[in-house]
Amino acid sequence: MADGSLAGRRGRRVRRWAAPAAAIVLLVAAWQVFTAVSGTEQWLLPSPTDALAAGREDHASLATHTLATAKLALIGFAAGVVTGLAIAVVLHLVPLLRAALYPLLVVSQNIPTIALAPLLVVWLGFGLLPKVVVIVLVCFFPLTVATLDGLRRTDPAIEDYLLMSGANRRQLFLKLELPHALPPMFSGLKIAATYSVVGAIIAEWMGADEGLGKYMIVAKSAFRADKIFVAIAIVVVLSLAVLGAVLLLERLLIRGRTPRDADV
Amino acid sequence: MNRKNGSPLRLRHIAAITSAVLVLAACGDGGGTDDASDAPSSTQKVKVALDWTPNTNHTGLYVAQAKGFFAQHGLDVEIVQPGDADAASLLAAGKVQFAISAQESLTQARAQNVPLVSVAAIVQHNTSGFASPKAKDITRPAQYAGKTYGGYGGPVEEALLRTLVAADGGDASAVKVVNVGNADFFTATKKDIDFEWIFYGWTGVEAELRGEPVNIQYVKDYDKALDFYTPILITSENQISSSPDVVKSFVAATSEGYTYAADHSAESADVLLKAAPDLDKDLVTKSQEWLGPKYKDDAPRWGEQSAQVWTDFTAWLYEHKVITTQVDATKAYTNDFLPTANG
């Protein structure tokens with residue numbers, strides 16, 4: 001039974017990855033065939049092999065730019081997480097503040113970042129700060145909203161029970177509300193994770209000396225669509241990597257609670 | 001920040017990143033609701049894309065339109081701003097028939113087999129240079145070492161910097177380069193940027209009007225090859241082969257527009273202002289006075305392009321690794337569509 005179950009689980013894990021991997025391979029193959037058969041110019045739509053060749057040609061500078069973008073994305077993501085969680089906790093603990101500020105939070109997401117970014121440069125200069133601000137603006141909202149929802153949906157029966165047991169506000173928050181908010185918080189975190197890399201690219205467009213965003217602009221000016229596709233592929237991989245890290249963290253923090261729940 | 005007063009040279013290539021495929025998807029052929037029955041049956045519809053928001057590098061086009069020169073040549077011309085799409089890519093993809101570009105950009109395009117051709121030099125000599133606020137006291141390229149250049153992500157920029165600094169006996173590797181995106185010259189140089197590449201005729205004139213004068217080192221003064229053509233009027237090989245008469249008519253009318261603008265700066269400034277009311281009147285007027293005589297300058301006719309300029313600059317681009325494949329300069333331009341009469 002145990003052996004069968006283990007083998008079965010391993011098999012399911014493999015099959016879970018097989019389908020999307022196959023879809024990607026088919027897509028890339030179709031893309032290659034299309035460019036070969038249609039004779040589309042390389043500057044209009046390069047083939048996967050063209051993009052691969054460009055990636056090899058520029059591998060050294062691509063590594064530098066990728067590292068710069070990854071660093072910026074992680075710093076921005078960390079700042080976004082801290083900001084998002086802090087806002088969620090404060091708004092949760094001070095209902096009056098929540099009523100006053102929640103609409104402003106929503107409005108903050110209607111601001112087109114592309115239009116705001118140049119103003120951030122005017123206000124904050126060309127250093128790291130305006131770029132981090134752009135990424136925070138992009139990342140914090142999904143995390144704040146998801147976490148606030150999670151904090152609010154605490155089971156009232158358990159809350160009453162704890163209150164009757166003499167728990168104070170602080171204990172109630174730390175023991176009940178926060179743990180209960182973890183699953184939705186991670187939902188917000190996954191969205192924020194994918195946004196952080198795209199946010200970094202947008203930030204780099206408004207001013208940077210390194211990064212995939214700058215690489216894309218230079219490639220575009222030189223009519224190198226093949227290089228743009230390489231950069232896009234790297235951005236996708238980076239986004240998936242950050243998302244993967246969050247998924248791993250989620251599994252560690254939330255699955256660890258499952259046995260106890262099951263026991264109860 | 002008034003985006004429309006940004007430097008046309010610096011901002012020419014700044015755009016949100018879109019691949020050519022997205023450009024094709026986003027820019028349909030539709031959208032025109034012209035009433036064809038009102039136009040003479042012989043009128044040919046033509047689109048010309050600017051390299052950025054309207055400025056005095058473009059005045060001749062607006063004059064040709066307002067004075068009816070296009071209409072006299074049987075053309076119904078729409079002047080479009082490509083926004084975030086690249087004008088040259090739109091031209092190559094057949095979405096517009098003509099565009100404003102620059103010699104370095106067209107040469108890079110041809111290095112990638114994009115079949116674009118320059119049919120006229122809009123300004124006969126290079127009016128661009130590296131400018132810094134006078135207060136920073138940068139008076140020659142050797143002083144760029146240790147300073148920060150604010151760029152727009154053009155492949156040619158660092159090669160230009162190296163050439164000027166080296167020609168002046170400085171250490172080119174000590175120049176820091178930062179991409180400044182859409183920030184305009186005046187904002188950027190109040191922050192962390194020391195100098196930028198501008199057209200004197202627009203940003204330089206603006207600086208004078210603001211009472212924030214600049215020092216400028218023109219690129220053409222440090223290497224003969226750098227007196228290249230920017231801006232230029234371009235079309236595609238396909239347009240030339242399929243509709244040579246349209247190309248000839250368009251270039252003739254445009255030539256009349258720029259020639260007229262050169263001789264009537266005040267009136268032409270008004271024409272540009274009517275077409276682009278958001279522009280600052282003083283800037284347009286003063287810029288037009290400065291730039292008008294330079295359209296034709298010492299050439300035998302407006303638009304004339306020199307084989308030597310094309311050959312020398314193309315060789316320079318290759319030597320400095322801005323392009324990595326050889327480009328046949330003789331195929332990159334043609335004077336064949338310019339009217340023969342002296343302007």
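The values are calculated or read from the model by the stated rules, or taken from the named source; none is laboratory data. Just so we're clear, the structure is a prediction, and the values are computed from it rather than from any experiment. Glycine gets a Cβ as well: all are built from the backbone with ideal geometry, and neighbour counts include every protein chain shown. Heavy atoms of the whole protein, side chains included, go into the accessibility calculation; ligands, DNA and RNA do not. Shrake-Rupley method; radii C 1.70, N 1.55, O 1.52, S 1.80 Å.
FRET efficiency for B:D328 and A:L104, Cβ-Cβ distance as r, R0 = 51 Å, nearest 0.05?
0.30
Sort out for me the Cα centre separation of segment A:181-236 from segment A:25-50, rounded to whole Å.
Spelled out, the Cα-based centre of one part sits 23 Å from the other.
Assign unit charges at the C-beta atoms only (+1 for Lys and Arg, -1 for Asp and Glu), then state the dipole size of the protein assembly as shown relative to its Cα centre in Debye, rounded to the nearest 20.
Computed charge dipole of the protein assembly as shown: roughly 2720 debye.
Taking the Cα centre of the protein assembly as shown as the origin and placing charges on Cβ (Lys, Arg +1; Asp, Glu -1), which of B:A275, A:G166, B:A93 is farthest toward the positive end of the dipole?
A:G166
Kirkwood Rh, Cα Rg: Rg to Rh for segment A:1-122?
1.16
In degrees from 0 to 90, rounded to the nearest 10, what is the angle of the helix B:244-263 Cα long axis to the longest principal axis of chain B?
Rounded to the nearest ten degrees, it is 60.
If one takes the longest principal axis of the Cα atoms in chain A, at what angle in degrees, from 0 to 90 and to the nearest 10, does the Cα axis of helix A:113-124 lie?
80
Only counting protein heavy atoms at a 1.4 Å probe, give the residues of segment A:118-142, ordered by number, whose accessible area falls by 40 Å² or more when the other protein chains are present relative to the chain alone.
A:P118, A:V122, A:F126
Can you bin segment B:211-343 into rounded, prolate or oblate? Criterion: square roots of the alpha carbon gyration tensor eigenvalues sorted a ≥ b ≥ c, rounded for a/c under 1.5, prolate for a/b above b/c, oblate for the rest.
In terms of gyration-tensor shape, oblate.
Contour minus end-to-end for B:K274 and B:A299, with contour as 0.36 nm per residue of separation and end-to-end as the Cα-Cα distance?
Value of the extension gain: 6.0 nm.
About the Cα centre, and with charges only on the beta carbon of Lys, Arg (+1) and Asp, Glu (-1), how big is the dipole of segment A:45-255? Nearest 20 debye, please.
240
For the interface of chains B and A, what total accessible area is buried with a 1.4 Å probe, rounded to the nearest 100 Å²?
What B and A bury together is about 2900 Å².
If you count, for each residue, the other Cβ atoms within 10 Å and average over each peptide, how do A:31-40, B:241-250, A:66-75 line up from highest to lowest?
A:66-75, B:241-250, A:31-40
Measuring from the lowest to the highest alpha carbon on each principal axis, how far does segment B:268-343 reach, largest first, in angstroms?
Principal axes ranked by extent give 44, 33, 20 Å for the Cα atoms.
Counting each DSSP H run of 4 or more residues in the protein assembly as shown as -39500 (n - 2.57), what helix-only mean residue ellipticity at 222 nm follows after dividing by all residues, to the nearest 500 deg cm²/dmol?
Mean residue ellipticity at 222 nm (helix-derived): -18000 deg cm²/dmol.
Could you please state, rounded to a whole Å, how far the C-alpha centre of segment B:134-210 is from the C-alpha centre of segment A:56-134?
Value for the Cα centre distance between the two parts: 29 Å.
What number comes out for accessible area per residue over segment A:45-255 if the probe is 1.4 Å? Units Å², please.
Solvent-accessible surface per residue comes out at 47 Å².
Under a point spin-label approximation (7 Å from Cα along Cα-to-Cβ), what is the A:L253-A:V236 distance to one decimal in nm?
2.9
Between A:R169 and A:E57, what is the spin-label point distance in nm, taking each point 7 Å from the Cα along the Cα→C-beta axis?
6.3
Show which aspartates and glutamates lie in cross-link reach of B:K190 when reach means a straight Cα distance below 17 angstrom and same-chain residues fewer than eight apart are skipped.
Result set, ordered by chain and number: B:D137, B:E206, B:E208, B:E212.
For segment B:65-217, what is the Kirkwood hydrodynamic radius in Å, using each pair of distinct C-alpha atoms?
Radius from the Kirkwood sum: 17.7 Å.
Quick one: with all protein chains in place, what share of the accessible area of the protein assembly as shown is carbon or sulfur, to the nearest percent (1.4 Å probe)?
Using a 1.4 Å probe with all protein chains present, the protein assembly as shown comes out at 60 percent carbon and sulfur.
Using Stokes-Einstein with the Kirkwood hydrodynamic radius over Cα pairs, what translational diffusion coefficient do you get for chain B at 20 °C and a viscosity of 1.002 mPa s, in µm²/s rounded to a whole number?
After rounding, the answer is 105 µm²/s.
By how many degrees, 0 to 90 and rounded to 10, does the Cα axis of helix A:95-108 deviate from the longest principal axis of chain A?
On a 0 to 90 degree scale, this one is about 10.
Karplus couplings for segment B:103-112 from phi (6.51 cos²θ - 1.76 cosθ + 1.60, θ = phi - 60°), rounded to Hz, Gly and Pro as x?
Result, rounded to whole Hz: 4, 5, 6, 5, 5, 5, 4, 5, 5, 9.
Based on the alpha-carbon set only, what is the convex hull volume of segment B:129-210 divided per residue, in Å³?
89
Determine which lysines satisfy two conditions relative to A:K227: a Cα distance under 23 Å, and not lying fewer than 8 residues away in the same chain.
Cross-link targets: A:K71, A:K214, B:K321.
Which residue fluctuates most in the GNM of chain B (Cα springs below 10 Å): B:Y62, B:Y222, B:Y258?
B:Y222
Tell me which lysines have Cα within less than 16 Å of B:K67's Cα, excluding those fewer than 8 residues away on the same chain?
B:K274
Do you know the relative contact order of segment A:45-255, to the nearest whole percent, from alpha carbon pairs under 8 angstrom that are 6+ apart?
Answer for segment A:45-255 is 31 percent.
Can you tell which of A:V138, A:V14, A:V28 shows the greatest fluctuation in a Gaussian network model of chain A with Cα springs below 10 Å?
Between A:V138, A:V14, A:V28, it is A:V14 that shows the largest mean-square fluctuation.
Over chain B, with a Gaussian network built from C-alpha contacts below 10 Å, which listed residue (B:H58, B:H125, B:H73) shows the highest mean-square fluctuation?
B:H73
At A:E159 and B:D137, where each label point lies 7 Å from the Cα along Cα→Cβ, what is the point-to-point distance in nanometres?
Using points 7 Å along Cα→Cβ, the separation is 6.7 nm.
For chain A, what is the per residue volume of the convex hull drawn over the alpha-carbon atoms, in cubic angstrom?
173
Which of the residues in segment B:159-202 lose at least 50 Å² of accessible area when you go from the chain alone to all protein chains together (probe 1.4 Å)?
B:N179, B:K191
Let's test this: bin the Cα-Cα distances of the protein assembly as shown at 20 Å from zero up to the farthest pair and state each bin's percent.
With 20 Å bins starting at 0, P(r) equals 17, 45, 26, 10, 1.
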